[in-house]
1. Residues of segment B:156-167 being open to solvent by less than 10 Å² (accessible area, probe 1.4 Å) and more than 9 Å from the ligand (Cβ to nearest atom), which ones?
2. Could you pull out the residue among A:Gln59, A:Gln13 that is outside any helix (DSSP H, G or I) and either on the phi > 0 side of the Ramachandran plot or surrounded by fewer than 19 Cβ atoms within 10 Å (Cβ to Cβ) (or both)?
3. Give me a count of the residues in segment B:222-274 that are open to solvent by 30 Å² or more (accessible area, probe 1.4 Å), part of a helix (DSSP H, G or I) and of a type outside the set (S, T, N, Q).
4. Regarding B:Phe171, is this residue within 14 Å of another protein chain (Cβ to nearest Cβ), near the ligand (Cβ under 9 Å from one of its atoms) and under 25 Å from the mean Cα position of the chain (by Cα)?
5. I'd like the full set of residues that are touching a residue at least 24 places away in the same chain (Cβ under 8 Å) and open to solvent by 30 Å² or more (accessible area, probe 1.4 Å), limited to segment B:350-366.
6. Which count do you get for residues in segment A:18-36 that are farther than 11 Å from A:Leu70 by Cα and at the interface with chain B (Cβ under 10 Å from one of its Cβ atoms)?
7. Limited to segment B:350-378, what total is found for residues that are within 9 Å of the ligand (Cβ to nearest atom) and away from chain A (no Cβ under 14 Å)?
8. Does segment B:197-207 include one or more residues that are more than 14 Å from chain A (Cβ to nearest Cβ), modelled with pLDDT of 95 or more, within 30 Å of B:Arg146 (Cα to Cα) and surrounded by fewer than 24 Cβ atoms within 10 Å (Cβ to Cβ)?
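The values are calculated or read from the model by the stated rules, or taken from the named source; none is laboratory data. Given the structure is predicted, the values throughout are model-derived calculations rather than measurements. Glycine also receives a Cβ, built like all others from the backbone with ideal geometry; neighbour counts cover every protein chain displayed. Areas reflect the complete protein model, heavy atoms only, side chains present, ligands, DNA and RNA absent. Shrake-Rupley method; radii C 1.70, N 1.55, O 1.52, S 1.80 Å.
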Amino acid sequence: MVPKEQIQASVKQFILSEFLSGEDADELEPTTPLVSAGILDSIATLKLVTFLEEQFSVQIEAHEADVDHLNTVEDISNLVLSKL
Amino acid sequence: MDFSWTPEQAELRAAAAEMAAAELNEGLAEREKAGTFSLEGWRRCAELGIQGLCVPEEHGGAGADALTTVGVLERLGYGCKDNGLVFSINAHMWTLQVPLVAFGSEEQKRRWLPGLCSGALIGGNAMSEPASGSDAYSLQTTAVRRDDRYVLNGSKVFVTNAPVADLLLVFANVDPERRPSGVSAFLVERDAPGLTVTRQVEKMGLKTSPMGELFLDDCEVSAEARLGKEGAGQTLFTHSMTWERSSILAGGVGAMERLLETCVAYAKGREQFGQAIGKFQLVASKLVDMKARLETSRALLYKTAWLRDQGRSIFLEAALAKLEISEAWVRSAQDAVAIHGGYGYMCEYEVERELRDAMGSRLYSGTSEIQRTIIAALMGL
Ligand SMILES: Cc1cc2nc3c(=O)[nH]c(=O)nc-3n(C[C@H](O)[C@H](O)[C@H](O)COP(=O)(O)OP(=O)(O)OC[C@H]3O[C@@H](n4cnc5c(N)ncnc54)[C@H](O)[C@@H]3O)c2cc1C
């Protein structure tokens, strides 16, 4: 079982490098809003879902790719964890 | 990866091609000229189980997997020269049935899916607006909650099937300040108060597929008509478009095969300079290119469906299949006109219609530029 901290670190790293390059890593906290703040737009969401499925060998259902499940690093990690 | 068909799949594919060739092509030239939709053809396809292919059995469908579904649609496209009818069926399947299956409540599924599968009901979706096409989520149609109802206001363009539809999935924003996160989807019935289907739009091709515009003037729907949660429009549309991009050109692959056969026969029969034109390498090479495009298109179509059946997200593959097959279809239809010479330009030979029909595939479900944008992003660029 992958520990939650490891999932969070991996998700955070992906978001920083893909969507927030050049930003201060400390600014991205587990509860920083991503979807509602426009960091995760429609194409970015496709990238994130593809990354999660490949990285953690999980399947994200269509209805899960939304603001309720992907809005923060914490939410994303919980979603992945619930599938492991 | 095994793309051989089981006896049941092969039987279904053969039945679709045979029925289509025997029953869906008569009077097409006249229907095309008049822009007439074939309700009879629609019902015949439904009887064969086409519309319900990938809908679960408990809701009136066949419960087929994605590979079987595209395999059957491919043969429908091969037998049916009425590309407009095939397009209307696809719009109905990917933009209404698929989101209903994935996001509908049990009540919504029970109410709508059996009729949508049986051919009794016709549907589609209404996303595009005068000021928002590729940038779909910037739509301006609003939905305001009032007690147990939503009131929709705005207008929609390019709505496939609208003039004949019983049910449309209309996208509207419940909270424009939230921009894309406010976009939500509503099941709007044809007779909803405040809904007007303004006119039948004339198109370059796919003329037998009716298209209309919607005007929503304080159009009221019940709260139960919302599909998915408030703000789920983007997620729902992504799901719908991924199915559409991966599958909508199955019929196009069949049409490319039909075109190729027509062109090979013509190139063998038409003589110039004392020999069949197919003997000229410049003509033969066009036919070889058509063959190569057909095979690569088919491989992409099957592989993408197969990946879906493995439970994978196929955002990149679906965009790639849509991009490649649409471009291949248009180029092959252009070659078909060239191979037929002046006759290819004449309506009687039915090749120019294939070209006009194919052209739309570069635009609907996201233009080729948008597919390239998605693919590039998913390649990490
Ligand atoms: C036959 C047909 C059926 C359709 N059916 C439906 C339907 O049932 N329901 C529905 O809602 N809609 C439907 N549509 C509409 C279709 O989805 C839109 O036409 C399409 O998304 C493009 O939008 P647009 O026409 O507003 O073009 P625009 O978005 O204005 O694009 C114009 C040009 O700019 C390019 N462009 C735009 N943005 C970018 C970008 N970011 N990067 C590079 N290039 C860009 C486009 O590729 C295009 O070349 C249908 C369209 C057709 C042709």
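1. Passing the criteria: B:Ala165, B:Leu167.
2. A:Gln59
3. 11
4. Yes.
5. If the condition is that a residue be touching a residue at least 24 places away in the same chain (Cβ under 8 Å) and open to solvent by 30 Å² or more (accessible area, probe 1.4 Å), then B:Glu350, B:Leu355, B:Arg356, B:Met359, B:Arg362, B:Tyr364 are the ones that fit.
6. 1
7. So the count comes out to 9.
8. Scanning segment B:197-207, I find at least one residue that is more than 14 Å from chain A (Cβ to nearest Cβ), modelled with pLDDT of 95 or more, within 30 Å of B:Arg146 (Cα to Cα) and surrounded by fewer than 24 Cβ atoms within 10 Å (Cβ to Cβ), so the answer is yes.
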